[in-house]
Amino acid sequence: MKKIIPIILCGGSGTRLWPKSRETMPKQFLKLLGHDTLLQATAKRALNILGCPPENVVTVTIADMKPQTEQQLGTLHRGLTEHILTEPLARNTAAAVAYATHYVWETFGEDAYAWVLLSDHYIGNEEALKKAVEDAYGIAQQDYIVTFGIEPTRPDTGFGYIKKSTAFESSTVSHVEEFVEKPPLETAQNYLDSGEYLWSSGMHLFKVKKVLKGYHAYAKESIRLVEKSMQKGYSKQIPSKDLYARIKSEPFETAVLEKAQQVAVVPCDIQWSDLGTFNSLWEEREKDSDGNVMDGHVVCHKAKDCFIQTEDRLVACVGVQDLVIMETSDAILVANKNKSDDIKTMVKSLQKTHPNALKASYKSTYEWGSTKIISKDYNCITSELVIRPGHRRPLHTTTNASKTYTIVSGKALFKIEDTTHLIEEQNIFHIDHTTSHLILNAGKQDLYMIEIQYRVEEAISDAEPLESDPQIISA
């Protein structure tokens, strides 16, 4: 299976898990289960199952998410960052798969196979997945597009449904009779009752030549624009924005899979979840004797089947059931965890009333440390800044703001052009605007500072902080 190139799709805004997940920090960059982020877990899974070198992994992400993607994958192995493709803007999975498949064809050869994975899913049984990949590879060699099917447990309208037909000889793989993307509730219930349908997991395995032929047959304009945008772009990994923006936004399943001939499905019991709702995340977590999942400062009395996470404040729950309570530094969500569609509707309404709340949290965690906005008052932004031992904050240039740092704990080394300043705790350091500077932790413990940014020319806008760190990697 070393001829298989893993393609990791790393896009999406992740707003269904708001306020934990934000547009600038969607769920694939979060440590929702275990010590790795979902993206890191996906990359490790691909390497473990295929046994391929890290340099063979292709990742597709949005241009704005490239810094996070590069940082997280680079933490595992620098080779994972060799083939990061950046879409100028999101155009759904049909564009992303077409782009990555064409790139694999050009880079790894026309005889290559590709395995498409989504970066924000959970899989608990990797041994079962490895067996499914082996079975799928055997059928893909016969010029089939093989998709991975999951036994449905409820009439969910957010998934594609696959009707399997006769099985291949001596194989767990079956022919596909029908593929339906996100049917209405009544239809989904009928599919569930029939026992003949599987959920589409979003994973697919195929010869790259086979799928490219499918695009040329069923989505000619999309593949033409992909090819042209790669030719006219800055590089094959940075296509032309103007051309890429003209690609039709639709799922891969709708553009190609529903129409293609020779499509197969491998049923697999891999403990799969798309972690798309708080209820699905609650289902995967360990619970106390009352069915509660609790993280942070939480106290419960006669509470049952709740999912509660806090970042700063104490949350106490009495006599409640089936609630999700998410407390972050700038927002609190209280909802029935079984009402995922209602949560989604509410979050959509925030786009009009509180759009900034969907973009980024006031608290951001990085490989080097963290920042947390305390206030935006008195014509300045006051933040907590923590830098881990042996790390530095990335280079910053203040344009319309000067800064004052109070060293609360630890030692800070400020580098301004060719000069350095060692500032110890209980001291203050000031930086004028238009000055580029680095801050390094010069001690053996966390460097904890208070940063005040003063606006020079205009009043502070509530739209965004004075500056933004592009290297957010985890939360």
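Just so you know, all these numbers are worked out from the coordinates, no wet-lab data involved. All figures in this text were calculated on a predicted structure; none of them were measured in a lab. We place every Cβ from the backbone using ideal geometry, glycine too, and count neighbours over all the protein chains shown.
Among the trypsin sites (Lys or Arg not before Pro) within the stretch 405-445, those in coil by DSSP and having at most 15 neighbouring Cβ atoms inside 10 Å are K444. Taking GluC sites (Glu not before Pro) across the stretch 310-403, the ones in a DSSP loop with at most 16 further Cβ atoms lying within 10 angstrom of their Cβ are E367.
Roughly how many debye, to the nearest 20, is the charge dipole of the chain about its Cα centre, given +1 on each Lys and Arg Cβ, -1 on each Asp and Glu Cβ, and no other charges? Show your work: numbers first, answer last.
On the way: 53 positive and 63 negative charges, 146 e Å.
Dipole size: approximately 700 debye.
By how many nm would the segment from E367 to D295 lengthen if fully extended, with 0.36 nm per residue of separation less the alpha-carbon distance? Please report the intermediate quantities before stating the final value.
Values: separation 72, 0.36 × 72 = 25.92 nm, distance 2.15 nm.
That works out to 23.8 nm of additional length.
The H on the amide N of I5, modeled in the peptide plane, is under 5 Å from the matching H of Y113, A114, W115, each at least 5 residues off or on a different chain. If R0 is taken as 22 Å, the Cβ-Cβ distance between L413 and R455 corresponds to a FRET efficiency of 0.25.
Against the compact-protein benchmark of 2.2 N^0.38 Å, the Cα-based radius of gyration of the stretch 216-303 scales to 1.85.
Set against the labelled values [x] 33; [y] 25; [z] 13, percent of Cα pairs over 41 Å apart computed from this structure falls on [y].
Relative to the dominant Cα principal axis of the chain, helix 38-50 is inclined by about 40°.
Counting other C-beta atoms within 10 Å, and keeping those with at most 15, which DSSP coil GluC sites (Glu not before Pro) do you find in the stretch 92-156?
Values: sites: E106, E110, E126, E127, E134; in loops: E110.
Taking the stretch 92-156 and a limit of 15 other Cβ atoms within 10 Å, the loop GluC sites (Glu not before Pro) found are E110.
Where a ≥ b ≥ c are the square roots of the eigenvalues of the C-alpha gyration tensor, would you call the stretch 4-273 rounded, which needs a/c under 1.5, or, failing that, prolate if a/b is larger than b/c, or oblate? Mind showing how you got there, number by number?
Values: a/c = 1.37, a/b = 1.22, b/c = 1.12.
Taking the square roots of the gyration eigenvalues as a ≥ b ≥ c, the stretch 4-273 is rounded.
Fully extending the segment from R285 to K344, taken as 0.36 nm per residue of separation minus the present Cα-Cα distance, adds 19.1 nm.
Based only on other Cβ atoms within 10 Å, what is the fewest-to-most ordering of V386, V266? List each step's numbers first, then the result.
Values: V386 21, V266 28.
By the 10 Å Cβ count, ascending, the order reads V386, V266.
For a label point 7 Å from the Cα of A316 along Cα→C-beta, name the residues of the stretch 265-308 whose backbone N is under 13 Å from it. It comes to 298-302, nothing else. Computed over the chain, the per-residue total of -39500 (n - 2.57) for DSSP H runs of n ≥ 4 gives a 222 nm mean residue ellipticity of -7500 deg cm²/dmol, rounded to 500.
Ordering H35, T93, S340 by Cα displacement along the dipole of the chain toward the positive end leaves T93 in first place; charges were set at the Cβ atoms of Lys, Arg (+1) and Asp, Glu (-1).
Note on Y103, Y197, Y454: ascending count of other Cβ atoms within 10 Å places them as Y454, Y103, Y197, the fewest first. Using only the Cα atoms of the stretch 136-238, build the gyration tensor, take square roots of its eigenvalues as a ≥ b ≥ c, and label the shape rounded, prolate or oblate: rounded if a/c is under 1.5, else prolate if a/b is larger than b/c, else oblate. It comes out oblate by the Cα gyration axes. Say the dipole of the chain comes from +1 at the beta carbon of Lys and Arg and -1 at that of Asp and Glu; which of Q309, L198, S170 then lies farthest toward its positive end? The Cα lying farthest towards the positive end belongs to S170.
Just add up the charged neighbours of E327: K/R +1, D/E -1, any other residue whose Cβ is under 9 Å from the Cβ of E327.
Summing Lys/Arg as +1 and Asp/Glu as -1 gives -1.
Counting residues in the stretch 254-341 as N, plug N into 2.2 N^0.38 Å and put the Cα Rg over that result.
Working: Rg = 18.0 Å, N = 88, 2.2 N^0.38 = 12.1 Å.
Working it through for the stretch 254-341, the quotient is 1.49.
Could you give the distance between the Cα centres of the stretch 115-174 and the stretch 347-392, to the whole Å? Centre-to-centre distance over Cα atoms comes out at 40 Å. A 32 angstrom limit on the alpha carbon distance is what I want to check against. Which of K232/K259; K20/K131; K359/K403; K209/K337; K236/K259 exceed it? Over 32 Å apart, Cα to Cα: K20/K131; K209/K337.
Sorted ascending by nearby beta carbons within 10 Å, beginning with the fewest, Y244, Y218 become Y218, Y244. For the stretch 1-107, pairs of C-alpha atoms spaced more than 17 angstrom apart make up 52 percent of the total. Could you work out the local net charge near F159, counting Lys and Arg as +1, Asp and Glu as -1, over the other residues with Cβ closer than 11 Å to its Cβ? Taking every other residue near F159 into account, the sum is -2.
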